[in-house]
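Engineer: My questions will all concern the structure given below.
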Amino acid sequence: MSKITKWIYPTTIDEALILLSENDTEIIAGGTHIATQKHKSPIKMVDITRIPLNYIKKEKNSLRIGSTTTITEIIESPLCLEVGKGILTKACQLIADTPLRNKITLGGNIARKIPWVGLPVVLLVLDAEIMVIEKGKEEKRISARNFFEMKKLQRGKLIKEVIFPINSALFTRYEKFCLTKADYAWLTLAFSSNIELGIIKDVKFAVSRITNIQRITSVEEALIGKKVNTIDTQQLINLLRANLSIVADFRSSKEYRTTILEVFLKRFINEMKEETT
Ligand SMILES: Cc1cc2nc3c(=O)[nH]c(=O)nc-3n(C[C@H](O)[C@H](O)[C@H](O)COP(=O)(O)OP(=O)(O)OC[C@H]3O[C@@H](n4cnc5c(N)ncnc54)[C@H](O)[C@@H]3O)c2cc1C
């Protein structure tokens, strides 16, 4: 983290937005990612952790979590267990280690679409919404799908909070595959489905790390309207192979990654059958 000329602690959102409208500023929250980045030109750090954006608030059918809420605070909140039958809590428990979880924030985890992070796939399968603000503009409510399809969150924009729907009827699963718990993920994936009288009414399946952060719509489309006990898992695996462009890296081959993904999908489908029929 080089060439920092100033470290500023705004205490209100308005103050932060004014600072962020200048070209040479950058947001810092938990600091666990930005500390690893090199800046080419001098930069002023706008530390947002003193703005009151650290909260977890329950509304009628949703939970609003402020962007500087840490991963540990999410894990420790009983309210967060109500989101997608505990999928948010589970995903947070699998992030890094305790000292890091005490620093990493919700906003910092999703802002830069870092491929190994855990929460984007969770936001995608829960249909969460992200509130983004910038100087002189109205607050924007962006669906997780649109947010993660966007190229980049532009400079000057601040994630204020994430709105998670509370839907206790969902079947949900989350997995992070890695060598040790504190290792960067080799694969993260999340699944949610809504089943009525044994028929899948809605389903979302999202994957990251081995691809861009994305929903796998070919698999979702093949599942919607199906009776749970008649799902052909091999057909889903064929669809995965045909429609997903998986990248290899020094850690593992494309074939290895594809196989892990297939194993998890099979497991999710089998568990869904067991739980819902
Ligand atoms: C060794 C190690 C292992 C890790 N393992 C995992 C893991 O298994 N799973 C996982 O999910 N994560 C993991 N992480 C964390 C992850 O890589 C990022 O470091 C973390 O999510 C960043 O969060 P932060 O709050 O520290 O953000 P910062 O480092 O403070 O910021 C990250 C970026 O987001 C921007 N930003 C931050 N907050 C906002 C906001 N509110 N609005 C707009 N932009 C914002 C910043 O400008 C910066 O560009 C690991 C990190 C380390 C160091």
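Engineer: What's the total number of residues in segment 222-277 that are within 21 Å of Asn194 (Cα to Cα) and among the small types (Gly, Ala, Ser)?
Structural biologist: Number satisfying all stated conditions: 2.
Engineer: Now for a different question. When segment 25-57 is examined, which residues are found to be part of a loop (DSSP other than H, G, I, E, B), within 14 Å of the ligand (Cβ to nearest atom) and of a type in the set (S, T, N, Q)? Let's see the steps before the verdict.
Structural biologist: Looking only at segment 25-57, we keep the residues that are part of a loop (DSSP other than H, G, I, E, B), and these are 29-33, 37-42, 51-55.
Checking which are within 14 Å of the ligand (Cβ to nearest atom) leaves us with 29-33, 37-39, 51-55.
Residues satisfying the conditions are Thr32, Gln37, Asn54.
Engineer: Let me ask something else about it. Determine which member of the set Val83, Val117 is β-branched (Val, Ile, Thr) and either farther than 26 Å from Ala248 by Cβ or part of a helix (DSSP H, G or I) (or both).
Structural biologist: Working: Val117 fails: either farther than 26 Å from Ala248 by Cβ or part of a helix (DSSP H, G or I) (or both).
Within the list Val83, Val117, the selection yields Val83.
Engineer: Continuing with the same structure: Of the numbered conditions (1) of a type in the set (S, T, N, Q); (2) within 16 Å of the ligand (Cβ to nearest atom); (3) surrounded by 18 or more Cβ atoms within 10 Å (Cβ to Cβ), Ser193 satisfies every one except a single condition; which is it?
Structural biologist: (2)
Engineer: Going by what's in this entry, would Ile4 be described as among the β-branched types (Val, Ile, Thr) and within 22 Å of Glu161 (Cβ to Cβ)? Steps first, answer last, please.
Structural biologist: Values: among the β-branched types (Val, Ile, Thr): yes; within 22 Å of Glu161 (Cβ to Cβ): no.
Criteria not met by Ile4.
Engineer: Right, something else. Ala206: of a type in the set (Gly, Ala, Ser), surrounded by fewer than 22 Cβ atoms within 10 Å (Cβ to Cβ) and out of contact with any Pro (no Cβ under 6 Å at 6 or more places or on another chain), yes or no?
Structural biologist: Details: of a type in the set (Gly, Ala, Ser): yes; surrounded by fewer than 22 Cβ atoms within 10 Å (Cβ to Cβ): no; out of contact with any Pro (no Cβ under 6 Å at 6 or more places or on another chain): yes.
It is false that Ala206 is of a type in the set (Gly, Ala, Ser), surrounded by fewer than 22 Cβ atoms within 10 Å (Cβ to Cβ) and out of contact with any Pro (no Cβ under 6 Å at 6 or more places or on another chain).
Engineer: For segment 1-24, what are the residues that are crowded, with 19+ Cβ neighbours inside 10 Å and either part of a strand (DSSP E or B) or in contact with a helix residue (DSSP H, G or I) (Cβ under 8 Å, 6 or more places away or on another chain) (or both)?
Structural biologist: Of everything in segment 1-24, just one residue is crowded, with 19+ Cβ neighbours inside 10 Å and either part of a strand (DSSP E or B) or in contact with a helix residue (DSSP H, G or I) (Cβ under 8 Å, 6 or more places away or on another chain) (or both), namely Ala16.
Engineer: For segment 239-258, which residues satisfy the criterion of being in a helix (DSSP H, G or I) and surrounded by 13 or more Cβ atoms within 10 Å (Cβ to Cβ)? Explain how you work it out, then say what you get.
Structural biologist: Going residue by residue through segment 239-258, those that are in a helix (DSSP H, G or I) are 239-243, 254-258.
The answer is Leu239, Leu240, Lys254, Tyr256, Arg257, Thr258.
Engineer: Here's a check for you: in segment 105-114, which residue that is in a loop (DSSP other than H, G, I, E, B) and within 9 Å of the ligand (Cβ to nearest atom) is surrounded by the most Cβ atoms within 10 Å (Cβ to Cβ)? If you could, list the steps in order and put the result at the bottom.
Structural biologist: Quick first cut of segment 105-114, residues in a loop (DSSP other than H, G, I, E, B) only: 112-114.
Now narrow it down to the ones that are within 9 Å of the ligand (Cβ to nearest atom): 112, 114.
Values: Arg112: 13, Ile114: 16.
Step by step, filter segment 105-114, then rank; the result is Ile114.
Engineer: Could you please find all residues in segment 87-104 being surrounded by fewer than 18 Cβ atoms within 10 Å (Cβ to Cβ), more than 8 Å from the ligand (Cβ to nearest atom), touching a residue at least 24 places away in the same chain (Cβ under 8 Å) and part of a helix (DSSP H, G or I)?
Structural biologist: If the condition is that a residue be surrounded by fewer than 18 Cβ atoms within 10 Å (Cβ to Cβ), more than 8 Å from the ligand (Cβ to nearest atom), touching a residue at least 24 places away in the same chain (Cβ under 8 Å) and part of a helix (DSSP H, G or I), then Thr98 is the only one that fits.
Engineer: Looking only at residues that are among the hydrophobic types (A, V, I, L, M, F, W, C) and in contact with a Leu (Cβ under 6 Å, 6 or more places away or on another chain) in segment 127-161, which one is surrounded by the fewest Cβ atoms within 10 Å (Cβ to Cβ)? Reasoning before the result, please.
Structural biologist: To start, the set of residues in segment 127-161 that are among the hydrophobic types (A, V, I, L, M, F, W, C) comprises 128, 130-133, 142, 144, 147-148, 150, 153, 158-159.
Filter again for in contact with a Leu (Cβ under 6 Å, 6 or more places away or on another chain), leaving 133, 144.
Values: Ile133: 19, Ala144: 27.
For segment 127-161, the residue satisfying everything is Ile133.
We did not get these values from a lab; they are worked out from the coordinates using the rules stated. Values in this document were obtained by computation on a predicted structure and should not be read as measured data. Backbone-built Cβ (ideal geometry, glycine too); neighbour counts: all protein chains shown.
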